[in-house]
Ligand code: SF4
């Protein structure tokens with residue numbers, strides 16, 4: 001069964017037109033958004049981290065309100081591979097582990113990191 005996912009991307013890595021998001025779309029559309037046990041993914045929201053230092057929670061909060069108003073839900077939230085790279089290579093100031101734990105606690109959804117391998 002398809003998993004309904006939300007994606008959080010790095011505001012600094014993406015440009016104004018979010019050109020780098022094409023990688024996530026490709027992964028989803030090609031079915032290579034592949035993480036263990038996931039057959040298929042449907043993207044129900046995308047949002048940025050809000051720029052440094054990564055005030056993610058209010059942004060996810062708004063997304064959840066919008067989903068609620070549409071009668072939608074999300075099964076899992078993913079930090080994009082861009083956030084993973086920002087953390088590994090760019091001294092990203094966001095506490096990825098701490099923010100992930102907060103999202104899981106507040107919204108009762110699993111949080112994973114990385115959306116594609118390229
Ligand atoms: S907080 Fe991290 S993920 Fe967000 S814009 Fe800054 S470097 Fe990118």
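The values are calculated or read from the model by the stated rules, or taken from the named source; none is laboratory data. Here the structure is a predicted model, which means the values were calculated and not measured. We place every Cβ from the backbone using ideal geometry, glycine too, and count neighbours over all the protein chains shown.
In this structure, is residue 70 within 11 Å of the ligand (Cβ to nearest atom), free of Cβ contacts under 8 Å to residues at least 24 places away in the same chain and surrounded by fewer than 17 Cβ atoms within 10 Å (Cβ to Cβ)?
Criteria not met by residue 70.
Criterion first (within 14 Å of the ligand (Cβ to nearest atom) and touching a helix residue (DSSP H, G or I) at 6+ places or on another chain (Cβ under 8 Å)) does residue 96 satisfy it? It is true that residue 96 is within 14 Å of the ligand (Cβ to nearest atom) and touching a helix residue (DSSP H, G or I) at 6+ places or on another chain (Cβ under 8 Å).
Can you name the residue in segment 55-66 that is touching a strand residue (DSSP E or B) at 6+ places or on another chain (Cβ under 9 Å) and in contact (Cβ under 8 Å) with a residue 24 or more places away in the chain and, of all such residues, is surrounded by the fewest Cβ atoms within 10 Å (Cβ to Cβ)?
Of everything passing the filter in segment 55-66, 59 is surrounded by the fewest Cβ atoms within 10 Å (Cβ to Cβ).
For every residue, the table says whether it meets (1) modelled with pLDDT of 95 or more; (2) surrounded by 15 or more Cβ atoms within 10 Å (Cβ to Cβ); (3) within 14 Å of the ligand (Cβ to nearest atom).
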{"site": "38", "(1), (2), (3)": "no, yes, no"}
{"site": "47", "(1), (2), (3)": "no, yes, yes"}
{"site": "74", "(1), (2), (3)": "yes, yes, no"}
{"site": "79", "(1), (2), (3)": "yes, yes, yes"}
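Among the residues in segment 51-62, are any under 14 Å from the mean Cα position of the chain (by Cα), within 12 Å of residue 6 (Cα to Cα) and part of a loop (DSSP other than H, G, I, E, B)? The answer is no; no qualifying residue exists.
Scanning segment 2-31 for residues that are within 13 Å of the ligand (Cβ to nearest atom) and at pLDDT 80 or above returns 7, 8, 9, 10, 11, 12, 13, 14.
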